[in-house]
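The structure appears right after this line, and notes come after that.
The values are calculated or read from the model by the stated rules, or taken from the named source; none is laboratory data. The model shown is predicted, which means the values in this text are computed figures rather than measured ones. Positions of Cβ are backbone-derived with ideal geometry, glycine not excepted, and every protein chain shown enters the neighbour counts. Heavy atoms of the whole protein, side chains included, go into the accessibility calculation; ligands, DNA and RNA do not. Shrake-Rupley method; radii C 1.70, N 1.55, O 1.52, S 1.80 Å.
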Amino acid sequence: MKKTLLILSACLCFFTSCQKKQELKPVNIKPITIEQDGCTIVSDPRLELLLIASNLAGFYPIGNTNSDYVSTIHTFFKNHKEHALIKQIKKITKKYTYYIDYLMIFNCISEDFTTISEETLHNSAKNYWKKHKDQFLKNFNSFAHETNFAKFYLAYEHALKAPLFHAEDYFNTNPTIIPNINSILTKNNNQKQIIYSSNLAFSNFPTTIPNTLILENKPNKENPFTKFFLFSNLLYNSIFKSIEENWEQLKEPITTFFKTLYEQNKITLKIEDTNTILSCSDIMSFYLTYHFTAKDFPEEINTEIYEFLKKQYLYDFYTIFKPIFQEYEQNPEKYANFEEFFNNYLVNEIINISLN
């Protein structure tokens, strides 16, 4: 009898285990892609669904507008605005600070929406999603099935392709952006940049995943500032990665630097690790872009950008770091790529500057 009960118990456990493994049904949607020299332009279903659900929850991590596409979303998903995913997004974004922590979760969800991994998350995002990610995945998967998101994605494929064509046109008009990025970061023109595109992206947005960018829906092909900030955002993720990896050494000098600047400019922004790493990445990519691209702009545009940068309260950052950037520019044979330059030279220079 005991033996029979043990066998039944084992079978029950096995059945329960199988049920749990099969709990999340795969979502079969293929990303829409356009291959271009130096980049792959992507409409990713995971990002699209995250932005749609965020919009329905009244949370706009990449801006908001009253476009026809937004109206379509609110019509198509009108019966699902009380879904558990929408409620969870409202809850976890109430005390939200950093959009980038929130957005990066899309890249951690498997392409079939059934598993989630933290491998691509930076430290702050890992802390942010620690309590939420497993339930978020279940809700994300459930929302995709209950709303028939696959049908939506297929039915509105023409609308989803539109921003990809805008992106393709932009890079055809500005063909030097990707090669120039690669020459700085990898010295390898074969390195592909992944450009995510969406009708719900109303501004360019950097990621913390190397060689990626979320591109605004209709980038202005003729505006040099669009080109400048796009270039800066493509640099951002590699700089962020290098700063975070070296944060133990850099924390004291960079935090001290920012404290001084904030005091001088009467800025009340809280000094904390995540905030400081994000700010430093932003500023460094900003001025590194100016340093390496100024020669590519017409003189009057170059002057305009320079005058704009001079008005920024962190212009002192560039005057301090200009000689460091020049080391990388003038001695390219010494460093295999930007990451090696950062780890082997720039970190030590930051520490030395703080000691003087």
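Brief remarks follow.
- Portion, in percent, of the accessible area of the chain that falls on carbon or sulfur, probe 1.4 Å: 50 percent
- Packing, taken as the mean count of other beta carbons within 10 Å per residue, orders the peptides 266-279, 173-186, 115-128 from highest to lowest as 173-186, 115-128, 266-279.
- In Hz, Karplus ³J(HN,Hα) per residue of the range 325-338 (6.51, -1.76, 1.60; θ = phi - 60°; x = Gly, Pro): 4, 5, 4, 5, 6, 8, 10, x, 6, 7, 10, 5, 6, 5
- Span from the the range 96-165 Cα centroid across to the the range 189-261 one, whole angstrom: 20 Å
- In sequence order, the range 258-274 has phi-based couplings of 5, 4, 4, 5, 5, 5, 5, 9, 6, 9, 9, 4, 5, 8, 8, 3, 4 Hz under the Karplus curve 6.51 cos²θ - 1.76 cosθ + 1.60, θ = phi - 60°, and Gly or Pro positions carry x.
- Normalised per residue, the accessible area of the chain is 51 Å², obtained with a 1.4 Å probe and no contribution from ligands, DNA or RNA.
- The structure-derived value of Rg and Dmax of the Cα atoms in Å appears in the list (1) 23.1, 91; (2) 21.8, 64; (3) 21.6, 70 under the label (1).
- Approximate spin-label separation residue 218-residue 145, in nm, with each point projected 7 Å along Cα-to-Cβ: 3.9 nm
- With θ taken as phi - 60° and the Karplus curve 6.51 cos²θ - 1.76 cosθ + 1.60 applied, the whole-hertz 3J(HN,Hα) list for the range 341-348 is 4, 4, 5, 9, 10, 5, 4, 5 Hz, x standing for glycine and proline.
- Mean residue ellipticity, 222 nm, helices only, the chain: the sum of -39500 (n - 2.57) across DSSP H runs of n ≥ 4, divided by residue count and rounded to 500, is -18500 deg cm²/dmol.
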